[in-house]
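S.K.: Let me give you the structure first, and then I'll get to my questions.
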């Protein structure tokens, strides 16, 4: 992939950042990768590979391309991640601390679409790739649903994890059996959250506090894998697209052929 040479720009009052726009292959939208000082070259290269592979996957699988300008910020550590969360998303210091302690990346769609990823907290190239893919999936969810994708949190987060793992597979880069990994995490937990308790933003963060982030994400991903085994990958984005006109419950029935309530009652991670 051809890229333009890096240019140094002063974006924040206290941080020097490297800003590099992606080429026109991404369509009429502008995709800017902003690399903060302290992020190493290998991490930046991994991010570029993840973005290129993910956008190609969405084009080939769902015939989708990005329709919004997107800025992606790579930051080197927890402190800069927390600062970026406050600056880009208007979080308070306490909110930013909570998010920074439980996530490696954060995403916002709609106008001013952004992704922020704490590359320093991700200890391997695969985890960096996975996180970038996960956050980019959220951008497509937001775009296709007109920002209604988070109405059922276990589904939006579970789809992001499952597709990130699938994109790793299609690129021949996966070193982890994610289904087994998620099952082992949930099995070791003293309890795992019920899907019906993972609908809202507050529900989601309450579960991460009570059960831990890994268990909350793992249970959600395993639920989505169950849907994939039944129906394949294509209905996942049929659901998000249907949210433009339908309620989450009706969109679920249309995409997967059963009610959300019935699925949530029947689901077990093992």
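The values are calculated or read from the model by the stated rules, or taken from the named source; none is laboratory data. Because the structure is predicted, anything quoted here is derived from the model rather than measured. Glycine gets a Cβ as well: all are built from the backbone with ideal geometry, and neighbour counts include every protein chain shown.
S.K.: Filtering the range 117-134 down to residues that are farther than 20 Å from residue 79 by Cα and within 12 Å of the chain's Cα centre (by Cα), which residue is surrounded by the most Cβ atoms within 10 Å (Cβ to Cβ)? If you could, list the steps in order and put the result at the bottom.
M.R.: As a first pass, look at the range 117-134 and keep what is farther than 20 Å from residue 79 by Cα: 125-126, 129-130, 133-134.
With within 12 Å of the chain's Cα centre (by Cα) added as a condition, the list becomes 129-130, 133-134.
Details: 129: 24, 130: 25, 133: 24, 134: 27.
Looking at the filtered set, the residue picked out is 134.
S.K.: In the range 38-47, which residue that is touching a helix residue (DSSP H, G or I) at 6+ places or on another chain (Cβ under 9 Å) and surrounded by fewer than 18 Cβ atoms within 10 Å (Cβ to Cβ) is farthest from residue 168 (Cα to Cα)?
M.R.: My answer is 38.
S.K.: Could you list, in sequence order, all residues of the range 48-63 that are crowded, with 20+ Cβ neighbours inside 10 Å and on the phi > 0 side of the Ramachandran plot?
M.R.: Residues satisfying the conditions do not exist here.
S.K.: Among residues belonging to the range 210-225 that are surrounded by fewer than 18 Cβ atoms within 10 Å (Cβ to Cβ) and in contact with a helix residue (DSSP H, G or I) (Cβ under 8 Å, 6 or more places away or on another chain), point out the one that is farthest from residue 103 (Cα to Cα).
M.R.: Once the filter is applied, the top-ranked residue is 214.
S.K.: Go through the range 87-189 and tell me which helices (runs of 4 or more DSSP H), entirely inside it, have 3 or more residues that are assigned by TED's automatic domain parsing to the domain that holds residue 69, touching a helix residue (DSSP H, G or I) at 6+ places or on another chain (Cβ under 9 Å) and in contact (Cβ under 8 Å) with a residue 40 or more places away in the chain.
M.R.: Per the criteria, 125-145.
S.K.: Say we look at the range 234-270 and pick out the residues that are in a loop (DSSP other than H, G, I, E, B) and surrounded by 16 or more Cβ atoms within 10 Å (Cβ to Cβ); which of these is nearest to the chain's Cα centre (by Cα)?
M.R.: Step one: filter the range 234-270 for residues in a loop (DSSP other than H, G, I, E, B), giving 243-247, 257-259, 267-270.
Of the ones still in play, those that are also surrounded by 16 or more Cβ atoms within 10 Å (Cβ to Cβ) are 243, 246, 267, 269.
Details: 243: 18, 246: 23, 267: 23, 269: 21 Å.
Of everything passing the filter in the range 234-270, 243 is nearest to the chain's Cα centre (by Cα).
S.K.: Turning to a different aspect of this structure: Would you tally the residues in the range 67-86 being surrounded by fewer than 21 Cβ atoms within 10 Å (Cβ to Cβ) and touching a helix residue (DSSP H, G or I) at 6+ places or on another chain (Cβ under 7 Å)? Spell out the reasoning first.
M.R.: Step one: of the range 67-86, the residues surrounded by fewer than 21 Cβ atoms within 10 Å (Cβ to Cβ) are 67-69, 71, 76-79, 83, 86.
With touching a helix residue (DSSP H, G or I) at 6+ places or on another chain (Cβ under 7 Å) added as a condition, the list becomes 67-68, 76-78, 86.
Residues flagged as surrounded by fewer than 21 Cβ atoms within 10 Å (Cβ to Cβ) and touching a helix residue (DSSP H, G or I) at 6+ places or on another chain (Cβ under 7 Å) within the range 67-86 amount to 6.
S.K.: Further, regarding this structure: Based on this model, can you work out whether residue 257 counts as closer than 26 Å to residue 167 by Cβ and touching a residue at least 12 places away in the same chain (Cβ under 8 Å)?
M.R.: When the stated conditions are applied, residue 257 passes them.
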